[in-house]
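To start, the structure itself, in structure tokens.
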Amino acid sequence: MSDVRKNIEALKAIAADPRKQLDRVLAEGKKAIGVIPYFAPEELVYAAGMVPFGMWGAETQVSESKRYFPAFYCSIVHTALDLAIKGEFDGLSAVMIPLTCDTLKGMGANWRYGVKNIPVIDVAYAQNRTIPAGEEFTESQFKKIRGQVEEIAGVKISDKALAEANKIYNANRKECLRFTELAASHPQTVSLTDRAMVLKARYFMERDAHTALLKAVNDALAALPEEPVKGKKIVTTGIIADSPELLGILQDNGFVIAADQIVHESVDFRALADEGPGAIHAMAERLNAVKGTSVLFDPAKSRNTELAEIAKAAGADGVLWVLTKFCDPEEFDYVPAKKVLDEAGIPLLLIEVDQQMVNYGQIRTAIETFREML
Ligand code: SF4
């Protein structure tokens with residue numbers, strides 16, 4: 001097996017079995033803190049010597065969470081809460097729950113009632129996060145959370161450790177971005193599932209460990225000649241797009257992801273933190289720099305123009321909007337985005353996905369038709 005394949009498979013194995021990864025961390029005597037999306041200050045966890053553990057739901061059928069959330073809530077909160085109630089996350093020392101959308105605002109209370117063995121750390125951001133008062137508020141929240149994390153870890157987080165965490169996270173962000181570009185230029189070596197799983201693995205690993213493996217993948221890919229794109233190039237946008245079924249359908253139809261504006265992927269790692277002194281302020285500033293998502297307040301809807309720019313820069317033939325079912329913020333963004341993309345002459349396909357979905361027949365038909373149209 002080539003080096004690139006060996007390291008991709010190692011990362012895919014981690015992404016495929018997060019519980020095994022959590023058990024490894026606990027067996028090493030470390031503490032882990034769950035991190036519900038979006039943009040929680042997990043650098044604090046890392047700086048305290050603990051391991052952040054991403055919780056973006058899972059492809060599973062829910063039962064217990066239906067006692068807490070109506071059926072028409074998105075699958076991310078349903079599946080994350082359901083797995084927690086069933087004990088899948090036992091061993092976590094706490095869970096960070098950001099209050100970034102109306103659905104997540106109810107998560108903290110439900111979690112406290114349904115999952116009594118894992119305490120909640122609320123993560124509040126200012127709605128107007130980019131104005132000075134907003135930035136100050138976010139920073140004050142991060143300082144409060146710093147104290148909560150220190151209490152769980154039983155250690156003080158030094159400014160030096162936090163600055164180092166920012167550096168380690170930045171290094172990982174840069175390597176992730178490099179990987180998305182190399183994956184796009186090596187579509188025969190890196191399948192769409194490889195791409196998604198390699199990126200996903202970072203949520204269950206210490207970031208420096210993920211960076212080391214990913215750098216090995218990237219260096220090996222960079223040494224290979226670029227590979228021809230035989231099908232059509234697309235840009236994906238949305239919250240999460242890691243369904244193996246969906247990626248398999250795109251792969252079957254010859255699509256290559258030239259770039260993405262997915263929160264679970266590039267939106268999370270495009271913005272970097274300042275690496276100078278004032279690490280906690282740098283974390284709040286980084287949040288201001290995050291663009292291209294419906295989950296952070298964006299009155300100018302700059303996500304849409306950014307999407308058109310990403311598509312043009314990547315030479316994409318079209319955009320695939322992967323709408324997480326029952327996600328209001330994404331639904332509200334779609335109409336203005338369609339207008340902008342129509343005006344830019346960029347074809348757009350909307351598909352609706354759900355982590356509990358079993359029948360992809362309609363999606364397959366829509367994607368096949370999109371391919372024909374392009
Ligand atoms: S932003 Fe959308 S997908 Fe994410 S938790 Fe809120 S409703 Fe669910």
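Results, tabulated for the structure shown:
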{"item": "Summed side-chain charge close to Gln355 - residues other than Gln355 whose Cβ falls under 10 Å, Lys, Arg +1, Asp, Glu -1", "result": "-2"}
{"item": "Region 119-212: trypsin sites (Lys or Arg not before Pro) falling in loop per DSSP and having at most 13 other Cβ within 10 Å", "result": "Lys156"}
{"item": "Long-range amide H partners of Ile262 with built H, under 5 Å", "result": "Gly238, Val267"}
{"item": "Cα-based helix-to-principal-axis angle, 18-27 vs the chain, degrees rounded to 10", "result": "30 degrees"}
{"item": "Within the chain, helix-based [θ] at 222 nm, where runs of 4 or more DSSP H residues each add -39,500 (n - 2.57), nearest 500", "result": "-16000 deg cm²/dmol"}
{"item": "Within region 5-55, GluC sites (Glu not before Pro) in DSSP loop having at most 13 other beta-carbon neighbours inside 10 Å", "result": "Glu28"}
{"item": "Cα-projected label distance for Thr369 with Asn128, points at 7 Å along beta-carbon direction, nm", "result": "4.4 nm"}
{"item": "Too-long pairs where the Cα-Cα distance tops 24 Å, listed order kept, from Lys31/Lys144; Lys20/Lys116; Lys174/Lys325; Lys174/Lys230; Lys215/Lys325; Lys6/Lys167", "result": "Lys174/Lys325; Lys174/Lys230; Lys215/Lys325; Lys6/Lys167"}
{"item": "Förster radius 30 Å - calculated FRET efficiency between Gln362 and Glu226 (Cβ-Cβ, nearest 0.05)", "result": "0.30"}
{"item": "Burial ordering of Asp242, Asp102, fewest other beta-carbon atoms within 10 Å first", "result": "Asp102, Asp242"}
{"item": "Cut-off 13 Å between beta-carbons: net charge of the residues surrounding Asn128, Lys and Arg +1, Asp and Glu -1", "result": "-2"}
{"item": "Asp3 versus Glu150: modelled label distance in nm, points set 7 Å from Cα along the beta carbon direction", "result": "4.3 nm"}
{"item": "Region 31-157 shape via C-alpha gyration tensor axes, a/c threshold 1.5", "result": "oblate"}
{"item": "Label point distance in nm, Ser191-Gln61, each placed 7 Å from Cα along Cα→Cβ", "result": "2.6 nm"}
{"item": "Karplus-derived 3J(HN,Hα), 6.51/-1.76/1.60, for each residue of region 77-91, Hz, glycine and proline x", "result": "6, 4, 6, 5, 5, 4, 5, 5, 4, 7, x, 5, 10, 4, x"}
{"item": "Extended-chain gain in nm, criterion 0.36 nm per residue less alpha-carbon gap, Asp159 and Arg24", "result": "45.8 nm"}
{"item": "Net charge of Cβ neighbours under 15 Å - reference Asn253; Lys, Arg +1; Asp, Glu -1", "result": "0"}
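Throughout, read-outs are computed from the coordinates displayed, never taken from laboratory work. Note that the structure is a prediction, hence the values are computed from the model and not measured. All Cβ positions, glycine included, derive from the backbone under ideal geometry; neighbour counts span all protein chains shown.
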